[in-house]
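Engineer: First the structure, then my questions, so here it is.
What follows is calculated from the coordinates using simple rules that are stated; it is not laboratory data. Computed from a predicted model, the values in this text were never measured in an experiment. A quick note on method: Cβ atoms are made from the backbone with ideal geometry, for glycine too, and the neighbour counts reach across all protein chains shown.
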Amino acid sequence: MKTYLQIAFFLVIAVSLVYCAPKENQKTKFPQKIKSVYFQKRVDIKEAKNSGTDFYIEFEAPLSKEIQLVKIYFQSQEANFEPITKNIFVAYLASKPTNPDLILHKDSQKEYGNQAPIIMKPKFDLKPIEALLEYKRNGKSYFFKLNNAKEKPMIAPPSVIKPKK
């Protein structure tokens with residue numbers, strides 16, 4: 001009888017811990033109507049650090065004062081939002097740095113100095129066209145999943161665009 005009591009006690013503790021675990025505040029509906037969500041790749045031949053992706057969110061009406069856009073999580077990256085107008089916001093995602101050259105040699109002693117790759121696991125498991133929007137409403141943080149972000153044509157620097165003859 002004592003063992004049954006102990007098993008029941010541990011079972012109650014385990015169930016209560018599962019229900020007390022913190023849950024993400026992920027909403028299924030954004031508090032304001034979103035007109036469009038899209039992204040554009042940006043390429044700068046001269047400076048690779050200026051290349052990346054621009055992620056845009058356009059609202060049908062100006063964003064409410066009680067809502068603040070915090071971050072966007074998109075394609076294993078994250079960035080803060082900047083307002084363009086009262087209705088349009090953009091997040092600039094920098095391109096990932098390229099891997100440095102590795103010294104490959106049949107003698108492993110000559111490969112000394114190669115750094116091991118740093119593999120970072122993304123915070124959220126998202127598909128390539130999905131994004132997770134973090135926003136605050138009345139000081140409380142929420143997450144909203146944006147599905148099917150559209151890709152618009154790439155933004156080329158002025159030096160690459162050739163005039164028509």
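Engineer: Quick one: net charge of Ile84's neighbours, Cβ under 12 Å, K/R +1, D/E -1?
Structural biologist: -2
Engineer: Hey, with R₀ at 45 Å, roughly what FRET efficiency would Tyr38 and Glu111 work out to, going by the Cβ-Cβ distance, to 0.05?
Structural biologist: Efficiency, rounded to the nearest 0.05: 0.55.
Engineer: Describe numerically, in nm with one decimal, the distance between label points set 7 Å from Cα along Cα→Cβ at Glu151 and at Asn80.
Structural biologist: The modelled label-to-label distance comes out at 2.9 nm.
Engineer: What number comes out for the charge environment of Lys152, summing +1 per Lys or Arg and -1 per Asp or Glu over other residues with Cβ under 15 Å away?
Structural biologist: Neighbourhood net charge equals +1.
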